[in-house]
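Sharing a structure, written as structure tokens. Questions coming.
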2 protein chains.
Amino acid sequence: MTDDALDAVLERVSERVTPDADERERLRAVTEELTDRAETAIEELPVDADVTQVGSSARSTWLAGDRDIDLFVRFPTEIDREELERYGLDVGHAVLPDGHEEYAEHPYVKGEYEGFDVDLVPCYAVDSATEIRSAVDRTPFHDAFLQARYTPELAEAARLLKRFMKGVGVYGSDLRTEGFSGYLVELLVLEYGGFRPLVEAAAEWHPPVRFDLRGDGGPAEVPPDVAEAAEFDDPLVVIDPTDPDRNVAAVLSEANLARFQHYCRELLDEPRESLFFPEPTEPIDAAGVREHLDRRGSHAVAVVFDTPDVVEDQLYPQLRRSLGGVADEFDRRGFDTLRATTFADGVGETASGTSVLFVETAVAELPAVERHEGPPVHVGEHAASFYDAYADDESAYGPFVDAGRYVVEREREHRTPEALLRSDTLFDVALGTHVETALGGSYDVLVGDETAALAEEFGEELRAYFEPEI
Amino acid sequence: MTDDALDAVLERVSERVTPDADERERLRAVTEELTDRAETAIEELPVDADVTQVGSSARSTWLAGDRDIDLFVRFPTEIDREELERYGLDVGHAVLPDGHEEYAEHPYVKGEYEGFDVDLVPCYAVDSATEIRSAVDRTPFHDAFLQARYTPELAEAARLLKRFMKGVGVYGSDLRTEGFSGYLVELLVLEYGGFRPLVEAAAEWHPPVRFDLRGDGGPAEVPPDVAEAAEFDDPLVVIDPTDPDRNVAAVLSEANLARFQHYCRELLDEPRESLFFPEPTEPIDAAGVREHLDRRGSHAVAVVFDTPDVVEDQLYPQLRRSLGGVADEFDRRGFDTLRATTFADGVGETASGTSVLFVETAVAELPAVERHEGPPVHVGEHAASFYDAYADDESAYGPFVDAGRYVVEREREHRTPEALLRSDTLFDVALGTHVETALGGSYDVLVGDETAALAEEFGEELRAYFEPEI
């Protein structure tokens, strides 16, 4: 690997992700128009407010072709929450007549305008990010912090890093992805002063890694013992310079940090554009799934149910929690989870989609009996009552003595993973609330080759599962 | 339960186990004759020696019908080991012309005489049991200690206790049984002064239990913390009053102590003669084994091989060690041992018998792949070399990232217990030396219903396994 090779790759990627003059001008013009419309709408209100553009489009760090404009309407802190929401929606609907309401911490209007996806979000104009009343109040401070420090060179580096993270699948602070947010990307680029120094450093990080940009800046990885002493126990900690009680990387999963580090090494070892622009995943078909199951010799089971009617950020943590609950129960019962995944479609849509908990176990069937250890024979009454409970139980083997204890082999509750899934035991495991409710309606259990039918709807997810990249 | 009921049982048992006057007289007469013959033979030797009767026949604690006479010939400590052995065998063959040589710590002669099984054992006439040169030198001291203290009442109690222990299967200090020796029985009876007080106390023992009869005597269970502080960590410790460095109960297994305690409770709860004289075990047949396997739904495998040509006390520890090695390896590999046993015939005989390691596993078959965790991604070179080792391995799934680590699913070495048993992996587990040698010759592996064929030769052992008493 030579610097030249990486430079050449970065140059080509940069060409593809840097918006050209036309695109920039068009975004500027539309933003101005939207701002004007918002200000006009504000004049109709009984309170004063101002409009500010935030996000990547405000800082020229957006990727060519992205068409997102985020406008925040900042209201005085004197008005109450209800007024804020009402006025915010008034302005939103005035600016975006065809928009619809969405809900983050409070409602806002989202809509298309001149080909751009526009979010029009009301917030409080607080004096400092530490005084926020709602999470969105923080955003203008992030924007101001970066605007004051960003140069065109840093913006170019931020675009490269975003594209790289998208390419390797770790970009996005939503709870489905659990990756890096745009703000986090821009802070990391600011910390290291460029794309290459960041990637070179990240390849060598030893999590937990901690950054605090409130000081003079410059890369300053705090030694692990100090990081452990901090109040965050996340693998990557980036103190929010506008609010030091917050870790900007709180959402990032350990696995995605590891994936990022892995791909930083890959990029340095063998620079290539495909890490930024990977081929799309080809969906696997049912025959492909069957082939993998046959080759793996595992026992696949799937719980299939209607996707609960909640937003993505609520759904995925619940699906993962449910999957973990099932996998742990399988392990406790001796079925030994080999690997597991969860996927869903129709998330956040009114028409119901399908959600799946998919588990491969190592064990397809267990004996009709299971070993059950009683107390040591010498513990007197406790031992005697165990013995008496089983002495006349025709269904049990024993009691007999093993290593000083009474032992019986009693009837096993569930001999197969699917028997467990089809029983009430499923509801004893730690399921997410809405998943539990959905399963309380009805659900299907697919076993072995039957799971191949899921490829129809989830071919990409199953390809990624059976042919994992990293 | 009333005392009367137990008394009545003990009275009936006592009648059955107490030798009558004829039997006692006959044993006395034969012993005298054997002693005379031995003394005559000693006169031919260039050294002096004396003859002493030891064991239960010497102390009137034998069970009616037992026909064992143990005579020890005590030689002066001046002669060397080789002379002792030579002179000892000379006397032995003179006394028992049809006898054959056996080997404990040194050779001795065993033979039949007038319908009695006679052991004629040479030993050194040391001054104290702490000065012994070989384990057999200790026996005359045991005998002297008990002779000096035993009364006819104690002898009766000892006979009851031996019969009870035989009945419940815990009598015998050989390494196949791992139970109570005759000497241990007699010391315990001496300690408690009778059968009933011993049984009542034993029902409540909290192992580790420790006795030291060197003092004034009387039941004195040392508190557990003191017992743990002692130099023996056996569950039952009875300090040998003739040699305080020795635990008379060293051979007794934890399981057999627990069984004894269990049956002491049974006897007190519901006194019955059948605990002393149980029905013999009816051998199970092949159909019975298949029925159990079917009901249990377990996966049975058996390693069948020629019984190694060693004595019982060598063979059984090795069989157990080998069985433990196999069972542990099954557990490590995910087959999950449900229960296991070992049995053999033709032990110590010249014609070769059959030995068996029999294991039931919970798991019959595992997937073709197994999860293999690599290092955390961030550990640099170590992680990179793991990744490189598997990145191009077509047979493996991955590497992918899970919880910050590289993980692969690689080909599993053995998918079934029987595949492991048929491979060299069998020789990687902790096998007993002679078992390992025997298996190195040849062995069969039986699977599932095939194991039912073992009922032909081992019907009793398999009945005890599938219908365990305690």
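Would you pull out the residues with amide H under 5 Å of B:Tyr113's amide H, same chain only if 5 or more places away, H placed 1.01 Å from N?
B:Val118
Quick one: with label points 7 Å out along Cα→Cβ, list the inter-copy distances for B:Gly115 in nm, shortest first?
Its label point is 11.9 nm from the equivalent points in the other copies.
Do any GluC sites (Glu not before Pro) in segment B:408-469 lie in a DSSP loop with no more than 16 other beta carbon atoms within 10 Å, and if so, which?
Here the GluC sites (Glu not before Pro) that fit, given the DSSP loop and packing criteria, are B:Glu413, B:Glu469.
Here's something else I'd like to know. Within segment A:1-109, list the GluC sites (Glu not before Pro) lying in a DSSP loop whose Cβ has at most 10 other Cβ atoms in a 10 Å radius.
Sites meeting the loop and neighbour criteria: A:Glu44, A:Glu78.
Just the Cα atoms of segment A:99-209: what Rg and Dmax do they give in Å?
Radius of gyration, then largest Cα-Cα span, for segment A:99-209: 16.2, 46 Å.
If you don't mind, another one. Quick check for me: using +1 on Lys/Arg Cβ and -1 on Asp/Glu Cβ, what's the dipole size of the protein assembly as shown about its Cα centre, in debye to the nearest 20?
160 debye
Further question on the same structure: Label-to-label distances across copies for B:Gly353, with labels 7 Å out along Cα→Cβ, in nm, shortest first?
The projected label point of B:Gly353 is separated from its counterparts by 6.9 nm.
Using 20 Å bins from zero, what percent of all Cα-Cα pairs in the protein assembly as shown falls into each bin?
11, 29, 24, 18, 12, 4, 0
Would you mind checking the tilt of helix B:182-192 against the longest principal axis of the Cα atoms of chain B, expressed as 0 to 90 degrees and rounded to 10?
Helix B:182-192 and the main axis of chain B meet at about 80 degrees.
Moving on to the next point. Given Cα pairs under 8 Å that are at least 6 residues apart, what percent is the relative contact order of segment B:20-136?
24 percent
Could you give, in nm with one decimal, how far A:Glu394 is from each other copy of that position, shortest first, with labels 7 Å out from Cα toward Cβ?
5.9
Toward the positive end of the charge dipole of the protein assembly as shown, about the Cα centre and with charges on Cβ (Lys, Arg +1; Asp, Glu -1), which of A:Thr307, A:Thr18, B:Leu213 goes farthest?
About the Cα centre, the residue reaching furthest to the positive side is B:Leu213.
Want the number for A:Val379 to A:Val311: 0.36 nm per residue separation, take away the alpha-carbon distance, what's left?
19.0 nm
Let me ask something else about it. With n ≥ 4 as the cut-off for DSSP H runs, can you work out [θ] at 222 nm for chain B, using -39500 (n - 2.57) per run divided by the number of residues, rounded to the nearest 500?
Rounded to the nearest 500, the figure is -13000 deg cm²/dmol.
Calculate how steeply helix A:312-332 sits against the longest principal axis of the alpha-carbon atoms of chain A, using the helix alpha-carbon long axis, and give the answer as 0 to 90 degrees to the nearest 10.
20 degrees
As I understand it, the value is the acute angle between the Cα axis of helix B:455-466 and the longest principal axis of the Cα atoms of chain B; what does it come to in degrees, rounded to 10?
Once rounded, one gets 90 degrees.
Turning to a different aspect of this structure: What is the fewest-to-most order of A:Ser442, A:Ser322 by other Cβ atoms lying within 10 Å of their Cβ?
The most exposed by this proxy come first: A:Ser442, A:Ser322.
Along its three principal axes, how long is segment A:95-141 when you only count alpha carbons? Whole Å, largest extent first please.
The Cα atoms of segment A:95-141 stretch 35, 18, 12 Å along the principal axes, largest first.
May I pose another question? Which value, in debye to the nearest 20, describes the size of the charge dipole of chain B about its Cα centre when Lys and Arg Cβ atoms bear +1, Asp and Glu Cβ atoms bear -1, and nothing else is charged?
Taking the Cα centre of chain B as origin, the dipole is about 940 debye.
Another one. Per residue and in cubic angstrom, what volume does the convex hull of the Cα atoms of segment A:287-393 have?
Residue-normalised Cα hull volume stands at 168 Å³.
Projected area of segment B:356-429, taken from the Cα convex hull and averaged over every viewing direction, in nm²?
Mean projected area of the Cα convex hull: 6.6 nm².
Please give the length that would be gained between B:Ala64 and B:Glu291 if that part of the chain were fully extended, namely 0.36 nm times their separation in residues minus their C-alpha to C-alpha distance (nm, one decimal).
Between B:Ala64 and B:Glu291, full extension yields an extra 77.7 nm.
Distance in whole Å from the A-onto-B rotation axis to the closest C-beta of chain A, together with the residue it belongs to, please.
A:Val363, 3
Would you kindly give the portion of the calculated P(r) for segment A:152-275 that falls above 18 Å, as a percent of all Cα pairs?
So the portion of pairs separated by more than 18 Å is 49 percent.
To the nearest 20 debye, what is the magnitude of the charge dipole of segment A:92-143 about its Cα centre, counting +1 on the Cβ of each Lys and Arg and -1 on the Cβ of each Asp and Glu?
180 debye
Separation of segment B:374-445 and segment A:404-470 by C-alpha centroid, Å?
Here the two parts' Cα centres lie 28 Å apart.
Find which of A:Trp62, A:Gly88, A:Pro122 sits farthest along the positive direction of the dipole of segment A:19-146, computed with +1 on the beta-carbon of Lys and Arg, -1 on that of Asp and Glu, about the Cα centre.
A:Trp62
What FRET efficiency would be calculated for the residue pair B:Glu279, B:Ala403, taking the C-beta separation as r and a Förster radius of 60 Å, to the nearest 0.05?
Efficiency, from the Cβ-Cβ distance: 0.55.
P(r) for chain B, please, calculated from all Cα pair distances in 10 Å bins and given in %.
4, 15, 22, 23, 18, 9, 5, 3, 1
Computed from the coordinates by the stated procedures, all read-outs in this text should not be read as laboratory data. Small disclaimer: the values here were computed from a predicted structure and weren't measured. FYI the Cβ positions are ideal-geometry reconstructions off the backbone, even for glycines, and counts take in every protein chain you see.
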